[in-house]
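For reference, the structure discussed in these notes is given below.
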Amino acid sequence: MRNKPLIVAVALVALLSVLAFAAGWMFGGLKRPAPVQASAATSTPVDARAIFIPGGSEIDALRRGVPVDQEGHPPPMARVQNTDIRRVRNYPMQPPTIPHTIDGYQVDKNSNRCMLCHARANAATFQAPPVSVTHYMDRDDQFLATVSPRRYFCSQCHVVQTDAPTLVANGFKDIDTVLAAEPPPGGQ
């Protein structure tokens, strides 16, 4: 074999690389610098609840206005609004938001708790909006007797309504608002 020395050299380089990595991993962490004493100003976490950057309307997504040498509090979890009042959609074809809590709802391959109230057969009984007929169509636009498997897991498109603050302004106007608006002066 003419390539035997080359194979041995490659194997030796690989072995030395692994040994160097293992030695660095094991012994590299032993020499740590002494910790810097934190002052009273930096020891208290800073409240970082969606702080806007001065001079602009942008949010600093990484630090949220907290200086690098300080630790910030995480923003509070948004609370689910359990009002059963439907919200207006924010853009065309937006999946409607869920106006009630869904904690504990079983939605898996064996059961879909949402369909107890929102199935077309039960919607009138429970005074719930029925699932759209599009959810009963397969990808070839053929109607099925039950909800399509690609539309079965409701929360992959529909989310619960929360009291989270709006972070980005939205200028969407639905078609009824646009048609009801007066035409601009001098326009057609």
(request) Describe numerically, in nm with one decimal, the distance between label points set 7 Å from Cα along Cα→Cβ at Arg120 and at Asn3. (result) 6.5 nm
(message) Please compute the contact order of segment 55-182 in relative form: average sequence separation of alpha-carbon pairs under 8 Å and at least six residues apart, divided by the residue count, as a percent.
(response) 27 percent
(request) Calculate what fraction, in whole %, of the accessible area of segment 86-188 sits on carbon and sulfur atoms when a 1.4 Å probe is rolled over the protein chains. (result) 56 percent
(message) Quick check on packing: order 176-182, 83-89 by the mean number of other C-beta atoms within 10 Å, highest mean leading.
(response) 83-89, 176-182
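The values are calculated or read from the model by the stated rules, or taken from the named source; none is laboratory data. These numbers come from a predicted model, not from an experiment. Ideal geometry is used to build each Cβ from the backbone, glycine not excepted, and the neighbour counts take in all protein chains shown. Ligands, DNA and RNA are excluded from the accessible area calculation, which covers all protein heavy atoms including side chains. Shrake-Rupley method; radii C 1.70, N 1.55, O 1.52, S 1.80 Å.
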